């Protein structure tokens, strides 16, 4: 396939994505723009959640991470993620969907009705998601540079502007439809790469491990890093703002819970197949890559025909898009719906909030493009894991306790959030990789509980409101 043909295919794909955004440009009410009117069915939401979670950073980053640190360390996070979806399905999916909300800040507002929490939550989301999005944009830049040969900087800029375009046009409806399409492409990529990889080893299950024994060895990191890596992803899924927005777009509480459960299965199968064979092939081809995030690209260049390589690269871009569009919408919702519409101007019209959301999409998108273009990070998984770990430390227990323990108070939740956030940042500077969560998460729990117990209990009216709307009639409330 010539470069001109590759360019035509990619441009055609981008036009389809932008066309979907344009098609939904008239779905501009607050309910439609942020949550697709709460009308997304189970199958569509399952594929969309999977695509939003199995990001471009997952493809390039997880393969590069396994290439660098070995499979046991990488599979720690995969296991944590699967457990995280199960935890979220059991503890938060149905109660959150019962709430009339668009974002995780709206959920906290329903639970605590506190201006300080309503301001803190979106600020933390924006800071963490800029880092998360930079990781995705680097993945997009690397693949587009390989595919089109136009250089890393223009690749990041072009891809970033396309993200901004279709998200700002169509909101949740646009990213849901595109993510379903991209979810199908992601599975196609996995099957192609896994098939090529197994063929490389003569279709032997054991050959990859035998050919690259270092891949199966424990990484030379502190044992706390293994446990921290697991705990971060086991606690993060329930509070990831762009995944929470998916739950809030489901057509029923039951549908939200089922979608989470199916994603756990899909992600487990996907990860076991994709992240065993591909790092091994990359190591056997070149064991001294300067940038381990290029491991998948090396395999593509070495083994795939040009036509197949072009299609695989397009699927990786689909993976990047499926996460980045959700991150963009979550950040714009944090600015427009949460900070402006909830804290600064609660009387603002839907039209005004959505219009500000469009502007916010452009703003945070451009900032992320600038960071990714000028200072691309190395080892993508480390970057976005630390970002999500910070959110988990701050949000997990105030959310779960607020839903299930009626004695949780607003002061307790706020204290737990601040303690989790500050202790995570402080421990991140001092402790081994990923282990900050092992200090911050228990501290958040202890402080939330302790402060709740020494402050006035929630009123009877509040407990009854939470009981009725969360569906806790049979839970002893």
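The values are calculated or read from the model by the stated rules, or taken from the named source; none is laboratory data. From a predicted model like this one, the values you see are computed outputs, not experimental measurements. Note that each Cβ is placed from the backbone with ideal geometry, even for glycine, and that neighbours are counted across all protein chains shown.
Here residue 108 qualifies as in a helix (DSSP H, G or I) and closer than 26 Å to residue 471 by Cα. Evaluate the following for residue 422: is it closer than 30 Å to residue 459 by Cβ, free of Cβ contacts under 8 Å to residues at least 12 places away in the same chain and in a helix (DSSP H, G or I)? Against the criterion (closer than 30 Å to residue 459 by Cβ, free of Cβ contacts under 8 Å to residues at least 12 places away in the same chain and in a helix (DSSP H, G or I)), residue 422 qualifies. Of the candidates 294, 328, the single residue that is in a helix (DSSP H, G or I) and over 26 Å from residue 191 (Cα atoms) is 328. Identification of helices (runs of 4 or more DSSP H) wholly contained in region 1-93 with 2 or more residues that are modelled with pLDDT of 70 or more and in contact with a strand residue (DSSP E or B) (Cβ under 9 Å, 6 or more places away or on another chain) yields 42-53. Go through the residues of region 226-243 one by one and say whether even a single one is surrounded by fewer than 18 Cβ atoms within 10 Å (Cβ to Cβ) and touching a residue at least 40 places away in the same chain (Cβ under 8 Å). Taking every residue of region 226-243 in turn, at least one turns out to be surrounded by fewer than 18 Cβ atoms within 10 Å (Cβ to Cβ) and touching a residue at least 40 places away in the same chain (Cβ under 8 Å). Of the residues making up region 272-286, those that are more than 23 Å from the chain's Cα centre (by Cα) and either without any contact (Cβ under 8 Å) to a residue 12 or more places away in the chain or within 24 Å of residue 141 (Cβ to Cβ) (or both) are 281, 282, 283, 285, 286. Specify the residue that is surrounded by the most Cβ atoms within 10 Å (Cβ to Cβ); the eligible residues are those in region 188-213 that are touching a helix residue (DSSP H, G or I) at 6+ places or on another chain (Cβ under 7 Å) and more than 18 Å from residue 305 (Cα to Cα). Among those that are touching a helix residue (DSSP H, G or I) at 6+ places or on another chain (Cβ under 7 Å) and more than 18 Å from residue 305 (Cα to Cα), it is 208. Among the residues of region 255-274, is there at least one that is in contact with a helix residue (DSSP H, G or I) (Cβ under 9 Å, 6 or more places away or on another chain), modelled with pLDDT of 85 or more and outside any helix (DSSP H, G or I)? There is no residue in region 255-274 that is in contact with a helix residue (DSSP H, G or I) (Cβ under 9 Å, 6 or more places away or on another chain), modelled with pLDDT of 85 or more and outside any helix (DSSP H, G or I). Could you look through region 454-470, keep only residues that are assigned to a helix (DSSP H, G or I) and in contact with a helix residue (DSSP H, G or I) (Cβ under 8 Å, 6 or more places away or on another chain), and pick out the one that is farthest from residue 397 (Cα to Cα)? In this case the residue turns out to be 469.
Within region 404-418, being in a helix (DSSP H, G or I) and crowded, with 23+ Cβ neighbours inside 10 Å holds for 412, 413, 416, 417.
Answer yes or no as to whether residue 238 is under 26 Å from residue 432 (Cα atoms) and in a helix (DSSP H, G or I).
Spelling it out, residue 238 is indeed under 26 Å from residue 432 (Cα atoms) and in a helix (DSSP H, G or I).
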